[in-house]
1. If I go through region 167-219 residue by residue, how many of them are crowded, with 17+ Cβ neighbours inside 10 Å and touching a Gly at 6+ places or on another chain (Cβ under 9 Å)?
2. Under the condition of being touching a residue at least 24 places away in the same chain (Cβ under 8 Å) and in a helix (DSSP H, G or I), which residue from region 109-124 is surrounded by the most Cβ atoms within 10 Å (Cβ to Cβ)?
3. When region 19-76 is examined, which residues are found to be at pLDDT 95 or above, among the β-branched types (Val, Ile, Thr) and not in a strand (DSSP E or B)?
4. If you check PHE127, PHE58, which single one turns out to be buried (at least 20 other Cβ atoms within 10 Å of the Cβ) and more than 20 Å from the chain's Cα centre (by Cα)?
5. How many of the residues making up region 196-218 are outside any loop (DSSP other than H, G, I, E, B) and touching a Pro at 6+ places or on another chain (Cβ under 7 Å)?
6. Pick from region 61-84 the residues that are of a type in the set (Gly, Ala, Ser) and either closer than 15 Å to GLY286 by Cα or touching a strand residue (DSSP E or B) at 6+ places or on another chain (Cβ under 8 Å) (or both): which of them is surrounded by the most Cβ atoms within 10 Å (Cβ to Cβ)?
7. Could you say whether any residue in region 221-242 is among the basic types (Lys, Arg) and not in a loop (DSSP other than H, G, I, E, B)?
8. Under the condition of being part of a helix (DSSP H, G or I) and β-branched (Val, Ile, Thr), which residue from region 141-195 is nearest to ALA265 (Cα to Cα)?
Amino acid sequence: MTSRRSFLSAAALAATAAALHPLPAFAVSPVATTLVRRAIPSSGEMIPVIGMGTSGSFEVDAAGREPLKEVLRRFVAGGASVIDTSPNYSNAEDVLGDLMAELGVRDRIFLATKLAADNRAAGEAQFADSLRRLRTDKVELLAVHNLRDWKTQLAYARELKAEGKTKYVGLTHYVNEKHEELAGIMAAEKPDFIQINYSVSTTNAAKRLLPMAKDLGVAVMINRAFDDGRLFSRVAGKALPGWAAEAGVTSWAQMFLRFVTSHPAVTVVIPATGKPDRQSDNLKAGVGRDLSDAERAELEAMFA
């Protein structure tokens, strides 16, 4: 994480300026008008390409909530909306629910959570608890967590969709070894979303899953875009490619996220952070053109 910090001096200066001359609580920053948006194929609804995850970052005690409030404030002010969580992420749903209520931003959030249960009764109880913890009466996306009891839980999620308790249903996983299984289920079930791991150093999803999702009209949410932070240690002390400035990329974090969002099948990426300056930096990845095939190939070669 220290290595990433070295790339964020500009963001830190901007954060200092913001502290001296803060935006009104929910003033919309210039980013809000320029964040790239992608369509959810099953509905045509447009969502920003940069979202946010909560695994780890929102699993905090009371003392850790204050910086997260600013993380969420900047996220909303920047025009982003998609936040992914899960009942499996310790107290993340509680923290997110409380902060959305404190800031009054639930209506600005595309809220995604999951079913991580082993039978129908457990799934029903878990979803009811998630709504309570998130302080809401519905979510935008309900996905089956890591394919756990997927037949039962996907059927239940579809019932909730019919009842208006969720707009979309999905399936998730986070390791390459499950890509083939997920591909088979996706082909048979055609969910609204899948969530999978994909990064410049872990490109297995591009072999089959991403092209299949595009062909089937399934939205794709990407996790682990920073390869659990390992990518930053690999670029410590390294300059960005010479074409980065022309592409509007000013940090390695932005580069890693732009690599992901430049794949034509990707709908949204959900980097997790508990640091306000990193949130601001992540959002900048959602502004500007896609990387070209040649630029993406160059990056893949760097991290192969």
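1. The total comes to 7.
2. Among them, the one singled out is GLY123.
3. Matches in region 19-76: VAL36, ILE40, VAL49, THR54, VAL60, VAL71, VAL76.
4. Values: PHE58 fails: more than 20 Å from the chain's Cα centre (by Cα).
On inspection, the qualifying residue turns out to be PHE127.
5. Keep residues of region 196-218 that are outside any loop (DSSP other than H, G, I, E, B), which gives 196-197, 199, 202, 204-206, 209-216.
From what is left, the residues that are touching a Pro at 6+ places or on another chain (Cβ under 7 Å) are 214.
The total comes to 1.
6. ALA80
7. Pass one, region 221-242, residues among the basic types (Lys, Arg): 224, 230, 234, 238.
Filter once more, so that each one left must be not in a loop (DSSP other than H, G, I, E, B): 230, 234.
Yes, that holds for at least one residue.
8. For region 141-195, the residue satisfying everything is ILE185.
The values are calculated or read from the model by the stated rules, or taken from the named source; none is laboratory data. Here the structure is a predicted model, which means the values were calculated and not measured. A quick note on method: Cβ atoms are made from the backbone with ideal geometry, for glycine too, and the neighbour counts reach across all protein chains shown.
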